[in-house]
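Accompanying notes for the structure given below.
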Amino acid sequence: MMEAAKNPFSPMELWDDTMVTINEGDEKKKVDAKRYRIRYLVGQSEDKRFVDGGDEKIAELDEKTIFLAPSVHRLTGDPFHYDRTMVESISGKARIAERTKELKRHEACDEHKTIEVIFESPGTECCAMSKEDVEKMRVPLQYMSGYLLGDSNGMLKVALSKTVVDDGTEYYDNIHIIPDSAVKQKSCLE
């Protein structure tokens, strides 16, 4: 594997409480679960609003919003970018504090369940450009973080989200299967 440019965006794990339907024999049953996702922090904002408190005083409300993208991309010599249509946001200081965790990158690791992988991705969508610009394009690097499902038979399997049912059973979705030949670098997240 080669040394790739360090991703400047911080990976974060976020989660929500949800209900899922599972099959138990012949019947379907709704159970409580948590849905986890790993995304990159690509922006944040602080909003201040004023509301009428009802007693001739105006009250101030401070609100924080963070913006998260599932992956970022880069061509050598160009800036990092991401698909703006895939960005999700979370608002509220309490909600952000209670339902997110910033992850740290580790170069050397054993048995970690979460990883960041940097790989060549010809399927990466980019921005609008002319036909001449498209002719000059090369395969960009894609930076993606997720849950490691396996690394065998020359294929790395990574899921961008997982759902954990109350009994501890885990289900994964948004799974990416990446050939080892396309992988440029891996690091563990904790």
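Please work out the Cα convex hull volume for the chain and give it in Å³ per residue.
Values: hull volume 37.1 nm³, N = 190.
Residue-normalised Cα hull volume stands at 195 Å³.
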**Report entry** For the chain, with +1 on Lys and Arg beta carbons and -1 on Asp and Glu, the positive-most of Met86, Phe119, Val42 along the dipole
**Finding:** Phe119
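What ranking of Thr169, Thr21, Thr65, Thr163 emerges when the number of other C-beta atoms within 10 Å of each C-beta is taken as an exposure proxy, fewest first? Kindly include the intermediate steps, with their values, before the conclusion.
Numbers: Thr169 12, Thr21 8, Thr65 15, Thr163 18.
Lowest to highest Cβ neighbour count: Thr21, Thr169, Thr65, Thr163.
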Query raised in the report: Which ordering of Ser152, Ser91 is given by a fewest-first count of other beta-carbon atoms within 10 Å?
Result: Ser152, Ser91
Requested in this report: Enumerate by residue number the GluC sites (Glu not before Pro) in segment 1-87 meeting two conditions: DSSP loop (anything except H, G, I, E, B), and at most 11 other Cβ atoms within 10 Å of the site's Cβ.
Outcome: Glu3, Glu56
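Taking the Cα centre of the chain as origin, sum charge times position over the Cβ atoms of Lys and Arg (+1) and Asp and Glu (-1), and report the length of that vector in debye to the nearest 20. Let's see the in-between values first.
Numbers: 28 positive and 37 negative charges, 81 e Å.
Using only the charged Cβ atoms, the result is roughly 400 debye.
Given the pairs Lys28/Lys157; Lys29/Lys113; Lys131/Lys157; Lys104/Lys184; Lys6/Lys101; Lys34/Lys104, which are separated by over 25 angstrom at their Cα positions?
Details: Lys28/Lys157 29 Å; Lys29/Lys113 28 Å; Lys131/Lys157 34 Å; Lys104/Lys184 19 Å; Lys6/Lys101 20 Å; Lys34/Lys104 22 Å.
Violating the 25 Å Cα-Cα cut-off are Lys28/Lys157; Lys29/Lys113; Lys131/Lys157.
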Report summary line: For the chain, the charge dipole (Cβ of Lys, Arg +1; Cβ of Asp, Glu -1; about the Cα centre) points to a positive end, and the Cα of Ser161, Ser130, Ala33 closest to that extreme belongs to Ser130
**Report entry** Reachable aspartates and glutamates, given that their alpha-carbon falls under 20 Å from the alpha-carbon of Lys30 and they are not under 8 places away in the same chain
**Finding:** Asp16, Asp17, Asp166, Asp167, Glu170, Asp173
Query raised in the report: In terms of Cα to Cα distance under 25 Å, which lysines are near enough to Lys57, apart from those fewer than 8 places away along the same chain?
Result: Lys48, Lys93
Report summary line: Residue by residue through segment 67-75, the couplings from Karplus 6.51 cos²θ - 1.76 cosθ + 1.60 with θ = phi - 60°, in Hz, x for Gly and Pro, are 10, 10, 10, x, 7, 10, 10, 7, 9
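With contacts defined as alpha carbon pairs under 8 Å and 6 or more residues apart, what's the relative contact order of segment 10-189 in percent?
Numbers: 369 pairs, mean separation 41.4, N = 180.
Relative contact order comes out at 23 percent.
Values quoted throughout were computed directly from the atomic coordinates according to the rules given, and no laboratory measurement underlies them. Bear in mind that the values here come from a model prediction, so they are computed numbers and not experimental data. As a convention, Cβ positions derive from the backbone with ideal geometry for all residues, glycine included, and neighbour counts pool all protein chains shown.
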